[in-house]
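Taking it in order: structure first as structure tokens, then the write-up.
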Amino acid sequence: LFWLSLNVWLFGKTFLLYYQGLQYYYLHQMLGLGLCVSRASAAVLNLNCCLVLLPMCRVLLAFFRGSQKVASKKTRRLLDKSKTFHVTCGITICIFSVLHVAAHLVNALNFSENYNEDFLALNAANYRGEDPRKLLFATVPGLTGVIMVLVLFLMCTASTYAIRVSNYDIFWYTHNLFFVFYMLLILHVSGGVLKYQTNLEEHPPGCFNPNKTLRENMTVPKAFEESFPYYTTQPFPEDLSVPEPFVHNNIMRICSEEPKFQSHFPETWLWISGPLCLYCVERLYRYIRSNKPVTITSVISHPSNVLEVRMMKEDFKARPGQYVILHCPRVSALESHPFTLTMCPTDTKATFGVHLKVVGDWTERFRDLLLLHSNQDTEILPIFQQRRYPKLYVDGPFGSPFEESLNYEVSLCVAGGIGVTPFASVLNTLLDGWKCYKLRRLYFIWVCRDIESFRWFADLLCALHNKLWQENRPDYINIQLYLSQTDGIQKIIGEKYQALNSRLLIGRPRWKLIFDEIAKCNRRKTIGVFCCGPNKMSKILHKMSNSSNSYGTRFEYNKESFS
């Protein structure tokens, strides 16, 4: 709402500037409100085209997200809205592009119908009645504008949820047309179609030229045949009928020369050149950083179509909760995908890993390449068989909201299905040592549809549970596993999972009771709520976090969102 209000305010201020500005008097007389709407929408488009790229500067966001760079937790949480801000700017660009295009269609028609031989420099048309389509398809601003509309339409439609889910490739390739859009945008403003008057002092709007205007349009008394002083004002004779524009409060304004017009200096490149250069420099840096393939140490096929890939890379460092972008040229030359780290490198081990759900063409092809020589459910290959694996490049790591889960004294982590991956790295980090972090109590809730899904991280959960019991801190973590769909009582297979079987519940979580219990046990504390799962679950948790309670406990909501 704030961003919408800001854009509306900018649109209104620019609209009034062109509606009331004297330097646009003659252009406004020719184009009417089309001038004001086109320029006001252009101002909003400049702002949003400038800012829409900044949320995609992942390295910059990861740099600022570091606790030493941005000390305020509240400010760091604003960085988590980067994807939402990017989408908001994109929607704003689409809306005001429609206004901009509609206004210029009206302008093209007005240029043709209101052609004026007295202001040849101001006319975009060559003669009265010229086909407005020539202005749209035979000029640089018109042609580039038409192509930009087509590019924007492709990017907008391919960004819808239905297309992203059904065919991610279409979204990926069309979104990379943004560079073409920006190059056309720079050319679009170079035509200088709309012009303003430069000699307001010598030719104020509403004046008349005694050597031209009166002789052409009216009979001039003898008294007015004498020479006029340079830019003077004097009472207009009451017996002389003069057109309305030339008289104001019975005062005649006399000009000394014809109006002169000049094209606006193209300001769009000033708006977009900085963010565009920053984004290009970052992409170049990321390319250099990720141009060396990683060493795949093992590949594990888990139940329910989940694949675990463990890797090593020289000088790779990451914090729990961060994510990386995987690129496999044999799967796709240009396409890459983000995956949350489930295992981070430490001082004692350099291995890091990801878990990925096999859904879609990319993950299916990737799985087939990795498990090409195996027909078993699980494959762990030794490092000396590396030549079997395709080349894999890792870009990152990049920041996410779950980095903050260790910075609260109490955290509530809720996962739905494969959404557990961000919390796996947090749990692995706590397994290595929890005393160095601020976190003193962790509520971990994991909801799955089938019992086999819990086996993805059952060993990790049991190991952490046993470690905390040995250190006499069984209350450090509260584990609740929910099986949402079942035909009867089930258990996680294996005697070593007995600790998890006692925490396995049938059905869906009763969020109201859970939040009340957590608030009661942590009075007057601030609790971080972290969710990675279906939108329905996320909305419920967001609503519950914003609800008040009688214990003075405050819940701060965070949600996983790849930018």
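The values are calculated or read from the model by the stated rules, or taken from the named source; none is laboratory data. All values derive from a computational prediction rather than experimental measurement. No Cβ is skipped: glycine too gets one built from the backbone with ideal geometry, and neighbour counts run over all protein chains shown. To get the accessible areas, we keep the full protein, side chains included, count just its heavy atoms, and leave off ligands, DNA and RNA. Shrake-Rupley method; radii C 1.70, N 1.55, O 1.52, S 1.80 Å.
Being at pLDDT 85 or above, out of contact with any Lys or Arg (no Cβ under 6 Å at 6 or more places or on another chain), of a type in the set (Gly, Ala, Ser) and not in a strand (DSSP E or B), is that true of even one residue in segment 399-415? Yes, the conditions are met somewhere in segment 399-415. Within segment 302-309, the presence of at least one residue that is open to solvent by 80 Å² or more (accessible area, probe 1.4 Å), in contact (Cβ under 8 Å) with a residue 24 or more places away in the chain, polar (S, T, N, Q) and outside the structural domain of Gly419 (by the TED database) is confirmed.
On the stretch given as segment 331-370, residues that are surrounded by 19 or more Cβ atoms within 10 Å (Cβ to Cβ) and of a type in the set (A, V, I, L, M) total 6.
Regarding Ile170, is this residue open to solvent by less than 80 Å² (accessible area, probe 1.4 Å), out of contact with any Ser or Thr (no Cβ under 7 Å at 6 or more places or on another chain), outside the structural domain of Trp9 (by the TED database) and not in a loop (DSSP other than H, G, I, E, B)? In short, yes. The set of residues in segment 276-291 being assigned to a loop (DSSP other than H, G, I, E, B) and open to solvent by less than 60 Å² (accessible area, probe 1.4 Å) consists of Ser290 alone. If you take the residues in segment 116-138 that are open to solvent by less than 50 Å² (accessible area, probe 1.4 Å) and under 29 Å from Leu150 (Cβ atoms), which one is modelled with the lowest pLDDT? Of everything passing the filter in segment 116-138, Ala125 is modelled with the lowest pLDDT. Total residues in segment 493-510 satisfying the condition of being touching a Leu at 6+ places or on another chain (Cβ under 7 Å) and in a helix (DSSP H, G or I): the figure is 1.
Answer yes or no: is there a residue in segment 87-108 that is modelled with pLDDT under 90, hydroxyl-bearing (Ser, Thr, Tyr), in contact with a helix residue (DSSP H, G or I) (Cβ under 6 Å, 6 or more places away or on another chain) and surrounded by 16 or more Cβ atoms within 10 Å (Cβ to Cβ). There is no residue in segment 87-108 that is modelled with pLDDT under 90, hydroxyl-bearing (Ser, Thr, Tyr), in contact with a helix residue (DSSP H, G or I) (Cβ under 6 Å, 6 or more places away or on another chain) and surrounded by 16 or more Cβ atoms within 10 Å (Cβ to Cβ). Pairs meeting the criteria (first residue in segment 1-15 and hydroxyl-bearing (Ser, Thr, Tyr), second residue surrounded by 11 or more Cβ atoms within 10 Å (Cβ to Cβ) and in a helix (DSSP H, G or I), beta carbons under 9 Å, at least 6 apart or on different chains) are Thr14/Cys36; Thr14/Arg39; Thr14/Ala40; Thr14/Ser41; Thr14/Ala42; Thr14/Ala43; Thr14/Val44.
Could you go through segment 351-369 and let me know if any residue there is among the hydrophobic types (A, V, I, L, M, F, W, C), in contact (Cβ under 8 Å) with a residue 60 or more places away in the chain and assigned to a loop (DSSP other than H, G, I, E, B). There is no residue in segment 351-369 that is among the hydrophobic types (A, V, I, L, M, F, W, C), in contact (Cβ under 8 Å) with a residue 60 or more places away in the chain and assigned to a loop (DSSP other than H, G, I, E, B). Among the residues of segment 310-321, those that are in contact (Cβ under 8 Å) with a residue 12 or more places away in the chain and farther than 11 Å from Val354 by Cα comprise Met312, Lys313, Glu314, Phe316, Lys317, Ala318, Arg319, Pro320, Gly321. No other residue among Ser273, Ser298 is open to solvent by less than 70 Å² (accessible area, probe 1.4 Å) and either in contact with a Phe, Trp or Tyr (Cβ under 8 Å, 6 or more places away or on another chain) or part of a helix (DSSP H, G or I) (or both) apart from Ser273.
Of Ser304, Ser298, all but one fail to be hydroxyl-bearing (Ser, Thr, Tyr), over 17 Å from Met183 (Cβ atoms), more than 23 Å from the chain's Cα centre (by Cα) and at pLDDT below 85; the exception is Ser304. Applying the condition of being part of a strand (DSSP E or B) and charged (D, E, K, R) to segment 516-557 and asking which residue is farthest from Phe444 (Cα to Cα) yields Arg554.
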